[in-house]
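Below is one structure, written out as structure tokens; the observations come after it.
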Protein chains: 2
Amino acid sequence: MNIPDIDLPRVIIIGGGFAGLRLAKKINKKHYQVVLIDKNNYHTFQPLLYQVATSGLEPDSIAYPIRRTFKDHDNFHFRLAEVKHINHTKQHIETNFGNISFDTLVIATGAKTNFFGLINVEHNAIPMKSLIESLDLRSKILQNFEKAIYSNDIKEQERLMNFVIVGGGPTGVELAGALAELKKQVLPEDFPDLDIRKMKIHLIEAAPRVLAPMSENSSVKAHHFLKKLGVHIWTNTQVTDYDGKLVTTNGKINFHTDTLIWAAGVEGAPIKGIDATKIGRGNRILVDEYNQIDGLNNIYALGDVALMRTKETPNGHPMLGAVAMQQGVHLAKNLNNVAKSNKKKCFKYKDKGTMATIGKNLAVVDLHRFKFQGFFAWFVWMFVHLMLLVGFRNKIIVFINWAWSYIRSDKGTRLIVRPYNDRISKKEHDNTLHKSA
Amino acid sequence: MNIPDIDLPRVIIIGGGFAGLRLAKKINKKHYQVVLIDKNNYHTFQPLLYQVATSGLEPDSIAYPIRRTFKDHDNFHFRLAEVKHINHTKQHIETNFGNISFDTLVIATGAKTNFFGLINVEHNAIPMKSLIESLDLRSKILQNFEKAIYSNDIKEQERLMNFVIVGGGPTGVELAGALAELKKQVLPEDFPDLDIRKMKIHLIEAAPRVLAPMSENSSVKAHHFLKKLGVHIWTNTQVTDYDGKLVTTNGKINFHTDTLIWAAGVEGAPIKGIDATKIGRGNRILVDEYNQIDGLNNIYALGDVALMRTKETPNGHPMLGAVAMQQGVHLAKNLNNVAKSNKKKCFKYKDKGTMATIGKNLAVVDLHRFKFQGFFAWFVWMFVHLMLLVGFRNKIIVFINWAWSYIRSDKGTRLIVRPYNDRISKKEHDNTLHKSA
């Protein structure tokens, strides 16, 4: 892999998400050589993917080139590669660009979409876990209306203008809200040839309420906000099948739709080579309170892919960016302590609260002591997300897009950029550096 | 095609580029029903494609959703479709979504890359005429360096870090300059593992000087600016072949490169159904001084695809956005005149000048009376391009990106977004609404 051999222990971090990026930043590179590997050359700010999907933000504003983050760091090496296998006997990892040995390995590969074994759903639904997927969803949504114009078949038109979102967590709720705003603000003007009132947005949730992990008050308010925006909510409902045209559920209701968006769940995305006995609930890797994998004393897992069972968290921590960030920083401190022969400390999650935005002036925020909803919550949501975005340029551009949307009730980036033409698609495959997911 | 039949003559415009967009805007929709057809749902500001390709701008800032432009226009219909054939006997056009009849037809399909019959070049080189192509080029450029890190083969590394641009017109010159800035400002910090001094940028031009259509002074200055930025310029040189690894020329010099960027020429992109006798030099459609196609009294061609031979322009007008815009506006006026039974006027091109930017503070401008180069020219270039961009949001975002690049010597959008993963690529093809080019 062409990493220089120097006289420092080598820490390999797999994944440049919230956890991996924080760890790589904070770890002391006077004591460690750090190699960060990702299959993309950018960090994705996942909480805003839904805004890319609904034409609110450019993909480039919520992604950040990883190399730029580390431009002044010595003893740091980024590598664009896909990790195929971990070999802990040989103490190396295998990638599509060869093997590389480690002294310490950190798995921060995050989560992937969980279809709960529903093969047809997996084949026909659209997930939204990556920049590419959210761009694809954006094009799909806009294309549906372009197609609907041509259709003389009422059933087909209905399917094209029906949007079914599965999963009433923050992603599903935020996406439903943003789609409802598209319907209200943008689509009637964009498509005078269509009766946009026919557009339906359905949100399906298996639990009895949306935003189930949040306070009941926030949940009720979010439900109310969604209703106000015209979203149809189906709680206590589970999707059982989807053939690309018809969604069936365990209830009495079925949906005819061309677009099923799957935001119903995620599971850990561990890498091959980790023993099955070390994989727990939700496909996450079992770790101790130092994020160390049980029985492997120099291999760690962080964030969504890690399952740390403590008294307070018998099922592990919630799969949230906040947990990932804190674990990344914490492990950096621990490794820096070890380098100075100090003791490692146990990880404690500080729950600073959760929030979700439904639309303009409509959000819900649960802090430790305060819970509030509406305009102020929406303002707090925007501020926190702007601050968390990586990169000053990104912050400004997102801010301008939000201000623009707010003032003009517009969403500016509604380009259909697929399909890549045949020629380029073919070339892509020829030139493929790695098969990204 | 589901266009309402109303009691007004129908004008179909094929192509939402500079010419088609202006015409569609200015034509009086009290007198005409207007149908604008494009294979993309957005207008592309082609002069800035090279900045997308070199990580300076987001694709979304130089493209503009066509529907948004016309949101307040009555009797206007946009259709996302590909026109397959023009049938002037039956007075209709054939698209991938059915046929549609016209009273007046306007072909504003612009230009496509001209490889001058070099099949291998066409197969292996990268053109830069569309948003998709420029995004693909961006990823390719960045991927080359990611790959170069892994290479132990000096020849391969050389090929990956050699960039050969063919064509010393504005596109080639601006792209070479922007690549040189990437080399100077961004890549050494991004790739500390590589010796970026090994990166070479070659600009090949068949004519004796770059920017041949501009004044000699501007040409000499541009040459000087490029040299200053480290670009190798090969004038009086023509590419004869390229197998994906080796570029051969008619001179003594050959180039080993993985990346040949083709900006050497364009030709008209007419649509099937126009008689071969009506196609002239550069694959452009022969039109009279009203932009009417010879012998077809209700079919017009505008912009790059039109060849209007007059005393002053025996070979037609230059293939520039300025000509296209003026012809679009002019035809709108003529059609509006006809509706009021007034006379049509002949088109006269007002040459307001040409300009090209090479890098920060480095540009050349030829106006009618004044020719100037350097900082002021660069400032004028920026101002003019900002003003020409469609959409206020786009103007602000481009301005911020430019200000950011200027102050920080940075280019912010260096994401590798290809390849789309196999699953999505497959889906794309299944869902393909049209095969775009």
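The values are calculated or read from the model by the stated rules, or taken from the named source; none is laboratory data. This structure is a prediction, so every number in the text was calculated from the model and none was measured. Cβ sites come from the backbone with ideal geometry, for glycine too, and all protein chains shown count toward neighbours.
Details
- In segment A:63-162, counting only strands (runs of 3 or more DSSP E) that sit wholly within it, the ones holding 3 or more residues that are among the β-branched types (Val, Ile, Thr) span A:104-107.
- Search result, residues across segment A:238-272 that are basic (Lys, Arg) and free of Cβ contacts under 8 Å to residues at least 60 places away in the same chain: A:252
- Scanning segment A:177-227 for residues that are in contact with an Asp or Glu (Cβ under 9 Å, 6 or more places away or on another chain), closer than 21 Å to residue A:254 by Cβ and part of a helix (DSSP H, G or I) gives a single hit, A:198.
- Single condition residue B:22 does not satisfy, out of (1) of a type in the set (D, E, K, R); (2) closer than 23 Å to residue B:319 by Cβ; (3) within 14 Å of chain A (Cβ to nearest Cβ): (3)
- Any hit, segment B:332-348, residues being hydroxyl-bearing (Ser, Thr, Tyr) and surrounded by 16 or more Cβ atoms within 10 Å (Cβ to Cβ): no
- Residue among A:360, A:395, A:345 that is of a type in the set (Lys, Arg), closer than 25 Å to residue A:219 by Cα and not assigned by TED's automatic domain parsing to the domain that holds residue A:228: A:360
- Taking the numbered list (1) farther than 26 Å from residue A:205 by Cβ; (2) within 14 Å of chain B (Cβ to nearest Cβ) in turn, residue A:144 passes all entries but (1).
- For segment B:278-310, the candidate set comprises residues that are modelled with pLDDT of 95 or more and among the hydroxyl-bearing types (Ser, Thr, Tyr); within that set, the residue that is surrounded by the fewest Cβ atoms within 10 Å (Cβ to Cβ) is B:290.
- In segment A:36-56, residue surrounded by the fewest Cβ atoms within 10 Å (Cβ to Cβ) [restricted to those that are of a type in the set (Val, Ile, Thr) and away from chain B (no Cβ under 11 Å)]: A:37
- Tallying residues that are more than 14 Å from every other protein chain (Cβ to nearest Cβ) and part of a loop (DSSP other than H, G, I, E, B) within segment B:1-19 yields 5.
- Index of the failed condition, residue B:8 passing every other in (1) hydrophobic (A, V, I, L, M, F, W, C); (2) crowded, with 18+ Cβ neighbours inside 10 Å; (3) touching a residue at least 60 places away in the same chain (Cβ under 8 Å): (2)
- Tally of residues being farther than 18 Å from residue A:49 by Cα and in contact (Cβ under 8 Å) with a residue 12 or more places away in the chain across segment A:110-121: 5
- Annotation note: of B:211, B:175, B:194, B:160, the sole residue that is within 14 Å of another protein chain (Cβ to nearest Cβ), among the aliphatic types (A, V, I, L, M), out of contact with any His (no Cβ under 7 Å at 6 or more places or on another chain) and surrounded by 23 or more Cβ atoms within 10 Å (Cβ to Cβ) is B:160.
- Residue list for segment B:12-50, restricted to those being under 20 Å from residue B:61 (Cα atoms), of a type in the set (S, T, N, Q) and out of contact with any Ser or Thr (no Cβ under 7 Å at 6 or more places or on another chain): B:41, B:46
- Selection status of residue B:230, on the phi < 0 side of the Ramachandran plot, surrounded by fewer than 19 Cβ atoms within 10 Å (Cβ to Cβ), out of contact with any His (no Cβ under 8 Å at 6 or more places or on another chain) and among the small types (Gly, Ala, Ser): no
- For segment B:110-140, the set of residues classified as more than 9 Å from every other protein chain (Cβ to nearest Cβ), in contact with a strand residue (DSSP E or B) (Cβ under 7 Å, 6 or more places away or on another chain), surrounded by 20 or more Cβ atoms within 10 Å (Cβ to Cβ) and of a type in the set (D, E, K, R) consists of B:129 only.
- Considered as a group, the residues in segment B:57-109 that are more than 21 Å from the chain's Cα centre (by Cα), outside the structural domain of residue B:286 (by TED's automatic domain parsing) and free of Cβ contacts under 8 Å to residues at least 40 places away in the same chain include one that is surrounded by the fewest Cβ atoms within 10 Å (Cβ to Cβ), and that residue is B:72.
Conditions tested, residue by residue: (1) in a strand (DSSP E or B); (2) free of Cβ contacts under 8 Å to residues at least 40 places away in the same chain; (3) not assigned by TED's automatic domain parsing to the domain that holds residue A:16.
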| position | (1), (2), (3) |
| --- | --- |
| A:296 | no, no, no |
| A:300 | yes, no, no |
| A:307 | yes, yes, no |
| A:312 | no, yes, no |
| A:315 | no, yes, no |
| A:318 | no, no, no |
| A:327 | no, no, no |
| A:331 | no, no, no |
| A:334 | no, no, no |
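- So residue A:252, is it among the charged types (D, E, K, R), assigned to a loop (DSSP other than H, G, I, E, B) and surrounded by fewer than 22 Cβ atoms within 10 Å (Cβ to Cβ): yes
- Of the residues making up segment A:365-381, those that are over 21 Å from the mean Cα position of the chain (by Cα) and either surrounded by fewer than 17 Cβ atoms within 10 Å (Cβ to Cβ) or not in a strand (DSSP E or B) (or both) are A:367, A:368, A:369, A:370, A:374, A:375, A:376, A:377, A:379.
- Checking each residue in segment B:382-410 for being more than 29 Å from residue B:22 (Cβ to Cβ) and either buried (at least 23 other Cβ atoms within 10 Å of the Cβ) or within 7 Å of chain A (Cβ to nearest Cβ) (or both) picks out only B:404.
- Looking across segment A:253-289, the residues that are of a type in the set (D, E, K, R) and in contact with a Leu (Cβ under 8 Å, 6 or more places away or on another chain) come down to A:258, A:278, A:281, A:284.
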